[in-house]
Amino acid sequence: MFIDTHCHLSNEDYDDIDLIVKENLENNIEKIIISGCTRESILESLELSKKYDGVYVTIGYHPSEAKITTIEDISLLEKQIMEAKVVGIGEMGLDYHYGKEDIDLQQKLFREQMRLASKYNLPVVIHSRDATEDTIKILKEFPEVVGDIHCFSGSIETAKIYIKMGYKIGIGGVVTFKNSNLYKVVQEIGIENILLETDSPYLAPVPFRGKINSSKYIPIIAAKLAEILDISVEDVSNVTLSNTYALFDLK
Ligand code: NI
């Protein structure tokens, strides 16, 4: 069995969510953790978690929302994280890929949500793009908080810094891409530091690259990790499940 620790499941991207949940079970996906990271997707993901047994959520504001997120949104988030199947905060973090004009707002939003994680003892799901140094700096201000570095794409050295801080490394479809060097990171950090994720609907693994992604493709990512690490798929399943349960409270 597997758990998809990070995906985005929304009516906007999929015609039939009932079918997606059914397909997941047929592909040994016992649970999925949806990330709601905008005002709308937070509400939608909370609804889905109430409707389906195996669906859990992490909620929080993505750095791309920094300019429009208000104090009221954060107060509401503080209430929303109390709901039954919320298992973490995020994805949140820093994204300097499209420029740094809102860098102060991004960092403020990131810190506010880290404070909530600390206050309520919840793990975080971190999005960091072209912002490694500042991400590490802010995470270090909250040494009591742990979490998942979602869709990791950095160097071996960076991965090791996060691991030392108590974080797990989220690996998805990119590891199957021909031009990706992520296999080197995987070899170095080992399965004991990895969480499986799809980040669907984005970043589908080969041979579905470029198509709409789904949690049902997790076994493809697991098979690739087994190949890279020269271990069995069963070992990948067992260890990543225990990593996931150690971080997220999936009752
Ligand atoms: Ni995501």
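The values are calculated or read from the model by the stated rules, or taken from the named source; none is laboratory data. Note that the coordinates shown come from a computational prediction; the quantities given were computed from them, not determined experimentally. Methodologically, a virtual Cβ is constructed for each residue, glycine included, from the backbone with ideal geometry; neighbour enumeration extends over all protein chains shown. When the accessible area is computed, the model is the full protein with side chains, heavy atoms only, and any ligands, DNA or RNA have been set aside. Shrake-Rupley method; radii C 1.70, N 1.55, O 1.52, S 1.80 Å.
Annotations
- Neighbours by Cβ (under 7 Å, 6+ apart or cross-chain): first from the range 124-135, at pLDDT 95 or above and in a helix (DSSP H, G or I); second surrounded by 24 or more Cβ atoms within 10 Å (Cβ to Cβ) and among the small types (Gly, Ala, Ser): Thr135/Gly93; Thr135/Ser128
- Filter result (closer than 20 Å to Asp95 by Cβ and among the acidic types (Asp, Glu)) within the range 145-181: Asp148
- Residue selected from the range 27-42 under the condition within 14 Å of the ligand (Cβ to nearest atom) and part of a loop (DSSP other than H, G, I, E, B), by the criterion surrounded by the most Cβ atoms within 10 Å (Cβ to Cβ): Cys37
- Per this entry, Glu112 is counted among residues that are under 12 Å from Met92 (Cβ atoms), more than 16 Å from the ligand (Cβ to nearest atom) and open to solvent by 20 Å² or more (accessible area, probe 1.4 Å).
- Annotation note: of Ala117, Ala84, Ala131, the sole residue that is more than 16 Å from the ligand (Cβ to nearest atom) and surrounded by 16 or more Cβ atoms within 10 Å (Cβ to Cβ) is Ala117.
- Residue match in the range 84-101 (condition: touching a Ser or Thr at 6+ places or on another chain (Cβ under 8 Å) and over 27 Å from Leu43 (Cβ atoms)): no
- Yes/no for Tyr61 being closer than 30 Å to Asp18 by Cα and either more than 16 Å from the ligand (Cβ to nearest atom) or in contact with a His (Cβ under 7 Å, 6 or more places away or on another chain) (or both): no
- The residue that is most open to solvent (accessible area, probe 1.4 Å), among those in the range 2-26 that are touching a Ser or Thr at 6+ places or on another chain (Cβ under 8 Å) and part of a helix (DSSP H, G or I), is Glu23.
- The number of residues in the range 183-201 being within 16 Å of the ligand (Cβ to nearest atom) and open to solvent by 10 Å² or more (accessible area, probe 1.4 Å) comes to 2.
- The set of residues from the range 204-218 being more than 16 Å from Asp15 (Cβ to Cβ) and open to solvent by 50 Å² or more (accessible area, probe 1.4 Å) comprises Val206, Pro207, Phe208, Arg209, Gly210.
- Failed item in (1) out of contact with any Ser or Thr (no Cβ under 9 Å at 6 or more places or on another chain); (2) open to solvent by less than 40 Å² (accessible area, probe 1.4 Å); (3) not small (Gly, Ala, Ser), with Asn179 passing the rest: (2)
- Out of Ser75, Ser45, Ser64, sole residue that is under 16 Å from His127 (Cβ atoms) and either in a strand (DSSP E or B) or open to solvent by 20 Å² or more (accessible area, probe 1.4 Å) (or both): Ser64
- Tally, over the range 224-242, of residues that are open to solvent by less than 50 Å² (accessible area, probe 1.4 Å) and either in contact with a Ser or Thr (Cβ under 9 Å, 6 or more places away or on another chain) or closer than 20 Å to Gly36 by Cα (or both): 3
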